Amino acid sequence: MQELVNDLRSFKLSGMVSSLSERLHYAQNNKLGYQEFLSLLCEDEKSNRRDNNYKRRVNAAKLPASKNLEDFDFTFQPSIDAKIINDLAICKYIDVGENVIFIGDSGTGKTHLAIGLAKKALAREYSVYFTTVSDMLYNLHIAKADNSYHKKIKQLINYDLLILDELGFKQLPKYSADDFFTVISKRYENKSTIITTNKDFTDWNEIFADELLSRAIIDRVMHHSYIMNINGKSYRMNKSKNGGIK
């Protein structure tokens, strides 16, 4: 038995190793044939690999919190069409490289919705990466110094779903705006991007400080996109008033 376990480990069949003893007892008690027994072990291995793959992708996604769409209070934000969000949860938009843009003030649930959609995508085995816009652009700027810039750009454009959080909190310097355009243009019509921002499109010139560049970014972002303007109160402020935040 130990030799068999060692062989399975050497073949990297950890799912089979973990269930072998239990499956042996089950097979003996239920008089299973060899084929049935082997099928059960193979199913255990596949299940284990799916779980491990999911955990790796979740870790790689760098989600800042665990937020579920099921926990989102649509009654508090009636400007959001729950049907559209539920349709997006199926992830068809990722298959065709469409974008999702959440526009609203701080605390209105933009990031919650973005994370919730990210978790739905991860459950369907898509690759996902979450980052604030400022962190992404800072890391790209640093990457120019150690010659890893093109590698990082390639990583960013290859994710099935890229989430860019907090666009618009401050104006971007020219070199950062160029990097932002590079990421957006290379993902355009190929991969899906979710952007959360507190600025309406008419105010994006304040972010990029270059009207031509701003127009080019907006053109690519808006094309093939679901655009949701959240015209509601802040969840955080509401909880604070009711003693929910200490």
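Rule-based calculations on the coordinates, nothing more; no lab input. What you see is a predicted model; the values in this text were computed from it and never measured. Glycine also receives a Cβ, built like all others from the backbone with ideal geometry; neighbour counts cover every protein chain displayed.
Where is the GNM fluctuation largest for the chain (alpha-carbon springs, 10 angstrom cutoff): ILE184, ILE207, ILE142?
Between ILE184, ILE207, ILE142, it is ILE142 that shows the largest mean-square fluctuation.
Cα convex hull of segment 6-128: mean projected area in nm², to one decimal?
If you wrap the Cα atoms of segment 6-128 in a convex hull and average its projections, you get 11.3 nm².
Sorting LYS46, LYS152 on the 10 Å Cβ count, fewest up front, what's the list?
So the residues, fewest neighbours to most, are LYS46, LYS152.
How do TYR188, TYR93 line up, fewest other C-beta atoms within 10 Å first?
TYR188, TYR93
Counting Lys and Arg as +1 and Asp and Glu as -1, each charge on the Cβ, what is the dipole of segment 2-60 about the Cα centre in debye, to the nearest 20? Write down the numbers at each step before the final one.
Values: 10 positive and 8 negative charges, 78 e Å.
So the magnitude is around 380 debye.
Would you mind telling me which residue in GLN35, GLN77, GLN171 has the biggest mean-square fluctuation in a Gaussian network model of the chain, where springs connect alpha carbons within a distance under 10 angstrom?
GLN35
How tilted is helix 14-29 with respect to the longest principal axis of the chain? Cα atoms for both, answer in degrees (0 to 90, nearest 10).
Taking the Cα atoms of the chain, the angle to 14-29 is about 40 degrees.
From the P(r) of the chain, could you give the percentage of C-alpha pairs in the tail past 33 Å? Display every interim value, and only then the final one.
Details: 10535 of 30135 pairs.
Counting pairs separated by more than 33 Å, the tail of P(r) holds 35 percent.
Mind checking which lysines have their C-alpha under 30 Å from LYS174, skipping anything on the same chain fewer than 8 residues away?
LYS62, LYS110, LYS144, LYS151, LYS152, LYS154, LYS186, LYS191, LYS199
For the chain, with a Gaussian network of springs between Cα atoms less than 10 Å apart, report the residue from LEU164, LEU20, LEU172 with the top mean-square fluctuation.
LEU20
Among MET222, MET1, what is the fewest-to-most ranking by other Cβ atoms within 10 Å?
The order, fewest Cβ neighbours first, is MET1, MET222.
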